[in-house]
Amino acid sequence: MAAEQEALTPGSYIGHHLAFFEKPVGQGGFWTLNLDSLLVSVLLGVVGIGFIWWVVRGATSGVPNKRQAFVELACEFVDKQAKDIFHGDRSFIAPAALTVFVWVLLMNAMDFLPVDMMGWITHRFAPHGFRIVPTADVNTTFALALSVWLLMIYFSIAVKGAGGWIHELFCAPFGSNPLLWPANLLFNLVEYISKPLSHALRLFGNMYAGEIIFLLLWMMAGAGLAGTVFAVPLALAWAIFHILIVVLQAYIFMMLTIVYISMAHESH
Amino acid sequence: MEKLQLVAMIQAYTGIGIGLMVGLGALGACVGVGIMCSRFLEGAARQPEMIPALQAKVFLLLGLIDASFIIGLGIGMFFAFANPLLGALGG
């Protein structure tokens, strides 16, 4: 920790651990790249999807070895979820869901690494802060959710045609009477805005709040013997619960991806 | 001195706001999860062979019900540690 550069107060400890490794490419916060999220997410994507690609490349149709069996289990699990929800051609949805699931799971799992120990490595090139969990950065989760949103719109137009989609925007779900057009449009707009918003913020909120609670518990543990005695069991309980949350949130993100894209294929 | 008073006022109201956000969100989430799990237990008692299928749905719904609460918690934490309302004061 940077204890010799600044006085270690609770606020500065938490502030340091919430600081991104930023690179401005323009004026203002919008044009600032969070290099830590970008680097870690790309690295994890290459590692995760690359591992699956490498195993599939050397796959045999005879008796599979453990690696191949593991990848087959994962693919069958995701395919079963896609089959239960979407009853059409899932040659796009199932691989997209697998990609999302593996990537989000790996990114969430970065939360298992202790932040102060990671600081020993990252302080060399990022002294002001380095966030190792990409999904605790609202930019990453919104990027994923907006990609799913664009896929939703693309499939709506591809399946129903541009005219059919506009018709559905104005006439579903209340009816095609012109008096109901504003109500239908409002309803559909709310749906189209709330879906990516909740999709992104659910994942972000879970990971960000989890990290904050860890930081607060470490702060309590550093506050004397009584603090440590109380903080360690609480931190253990929260860490075990967080394992469930990491997997669950990746699973929910994948399921909602499947549900949103399959709903885009339906016509009213 | 005047500025300190203003900062204290902003912090006080922010603190109350965070408490309301987290408390009311937790209230809603816990009641919702309680209702859902009670239905699951009822269904599991009637049809024990459906337990594996229902359990998967229970976890999915657990995450969905928790969503608004966790979003509120995230916003609360944001106000706790990087209060943007203080920025208007330049402090």
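Rule-based calculations on the coordinates, nothing more; no lab input. Everything numeric here is computed off the predicted structure, so don't read it as measured data. All Cβ positions, even for glycine, are placed from backbone atoms using ideal geometry, and neighbour counts span all protein chains on display.
In region A:90-192, a dipole from Cβ-located charges (positive for Lys and Arg, negative for Asp and Glu) runs towards its positive end, and of A:M110, A:I93, A:F125 it is A:I93 whose Cα lies farthest in that direction. Compactness of region A:70-110, taken as the C-alpha radius of gyration over 2.2 N^0.38 Å, stands at 1.19.
Rounded to two decimals, what is the ratio between the C-alpha radius of gyration of region A:8-84 and 2.2 N^0.38 Å?
Cα-based Rg divided by the globular estimate yields 1.79.
Summary: within chain A, the longest segment free of chymotrypsin sites (Phe, Trp or Tyr not before Pro) located in DSSP loops with at most 16 other C-beta atoms within 10 Å is A:175-268. In chain A, inverting the average of 1/r over every pair of distinct C-alpha atoms gives 21.3 Å as the Kirkwood radius.
For A:F20, no residue whose modelled amide H falls within less than 5 Å of its own remains once neighbours fewer than 5 places apart on the same chain are excluded. Amide H contacts under 5 Å for A:T32: A:V25, restricted to partners 5 or more places along the chain or on a different chain, H placed in the peptide plane at 1.01 Å from N. Legend: ranking of residues B:E49, A:E168 from fewest to most surrounding C-beta atoms inside 10 Å; resulting order B:E49, A:E168. Put simply, the amide H of B:N83, placed in the peptide plane, has no neighbours under 5 Å, leaving out anything fewer than 5 places away on its chain. If you wrap the tightest convex hull around every Cα atom of region A:199-268 and split its volume per residue, you get 66 Å³. Computed from phi, the 3J(HN,Hα) profile of region B:77-88 under the Karplus parametrisation 6.51, -1.76, 1.60 (θ = phi - 60°) reads 5, 4, 5, 5, 10, 9, 4, x, 5, 6, x, 4 Hz, with x in place of Gly and Pro. With coordinates expressed along the principal axes, the C-alpha atoms belonging to region A:1-132 extend over 61, 34, 25 Å, beginning with the largest. In order along region A:223-229, the Karplus-derived 3J(HN,Hα) couplings, from 6.51 cos²θ - 1.76 cosθ + 1.60 at θ = phi - 60°, round to 9, x, 5, 4, x, 5, 4 Hz, and Gly and Pro are given as x.
In terms of overall dimensions, the C-alpha atoms belonging to region A:87-219 reach 64, 33, 25 Å along their principal axes, ordered largest to smallest.
Taking every pair of alpha-carbon atoms in chain B, give the share separated by more than 21 Å as a whole percent.
For chain B, the share of Cα pairs beyond 21 Å comes to 51 percent.
Backbone phi angles across region B:2-19, fed through the Karplus curve with coefficients 6.51, -1.76 and 1.60 (θ = phi - 60°), yield HN-Hα couplings of 4, 5, 4, 4, 5, 4, 4, 5, 4, 5, 5, 5, 4, x, 5, x, 4, x Hz in residue order; Gly and Pro are listed as x. Only helical runs count toward this figure. For chain A, summing -39,500 (n - 2.57) over DSSP H runs of n ≥ 4 and dividing by all residues gives -25500 deg cm²/dmol at 222 nm. Centroid-to-centroid, using Cα positions, region A:201-265 and region B:63-83 are 12 Å apart.
Roughly how many debye, to the nearest 20, is the charge dipole of the protein assembly as shown about its Cα centre, given +1 on each Lys and Arg Cβ, -1 on each Asp and Glu Cβ, and no other charges? Magnitude of the dipole: close to 400 debye.
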